[in-house]
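Below: one structure, written as structure tokens.
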Amino acid sequence: MEAEIEVRNIIHLIGRGPVLIGYVRSGTVRPGQWTTPLELGRSGTRRLELTAVEALSSMEAGGAAIGLVFRSPPSLAELQRALPSGTLLALEEAAIKS
């Protein structure tokens, strides 16, 4: 595991799609990482590739707040069901292809 994110909310931004808002609990977060497999209901189990990380200012003292954007994400509702507030999301480096 390369990073752990505590999920706080998932919102929809026009032009971006679903954006996960959370706090870095450990590790380093960067584009190109993948989630551990997520159960997404109708979309089945899949891993999501992180395409953008944005630092956010936070009124809470919860740590470094960030926004995460994924490539080809499932629907907002599926993400919200799979990752309710308080969930720890693990991110891993992509497997090296030979």
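Read the figures in this text as sums done on the coordinates, not as results from a lab. Nothing here was measured: the structure is a model prediction, and the numbers come from that model. Please note: Cβ atoms are built from the backbone with ideal geometry, for glycine as well, and neighbour counts cover all protein chains shown.
Once backbone amide H atoms are built at 1.01 Å from N, L40 has T45, R46 as its partners under 5 Å, excluding neighbours fewer than 5 places away on the same chain. Note on E54 and E4: their simple-model spin labels are 2.7 nm apart, each label 7 Å out from Cα toward Cβ. Note that segment 6-14 has calculated 3J(HN,Hα) couplings of 8, 6, 10, 6, 10, 10, 10, 10, 4 Hz, one per residue in order, obtained from phi through the Karplus relation 6.51 cos²θ - 1.76 cosθ + 1.60 (θ = phi - 60°); glycine and proline are x. Please find, in a Gaussian network model of the chain (springs between Cα atoms separated by less than 10 Å), the residue of G22, G44, G67 whose mean-square fluctuation is greatest. Among G22, G44, G67, the largest mean-square fluctuation in the Gaussian network model of the chain belongs to G44.
The label-point distance for R81 and I14, in a model that sets each label 7 Å from Cα toward Cβ, rounds to 2.8 nm.
Over all Cα pairs of the chain, how is the pair count split among 5 Å bins, expressed in % and running from 0 up to the last occupied bin? Pair shares across the bins are 2, 14, 25, 28, 19, 8, 3, 1, 0. A helix-only calculation puts the chain at -2000 deg cm²/dmol for mean residue ellipticity at 222 nm, using -39500 (n - 2.57) for each DSSP H run of at least four residues, averaged over all residues. Amide H to amide H, with H built 1.01 Å from N, R25 comes under 5 Å of E4, I5, E6, counting only residues 5 or more places away or on other chains.
Stretching the chain fully between S72 and R25 yields a gain of 14.4 nm (0.36 nm per residue, less the alpha carbon separation).
For segment 27-32, the Karplus equation 6.51 cos²θ - 1.76 cosθ + 1.60, evaluated at θ = phi - 60°, returns couplings of x, 10, 10, 8, x, x Hz by residue, with Gly and Pro reported as x. Net charge dipole, the chain: roughly 300 debye, given to the nearest 20, about the Cα centre with Cβ charges of +1 for Lys and Arg and -1 for Asp and Glu.
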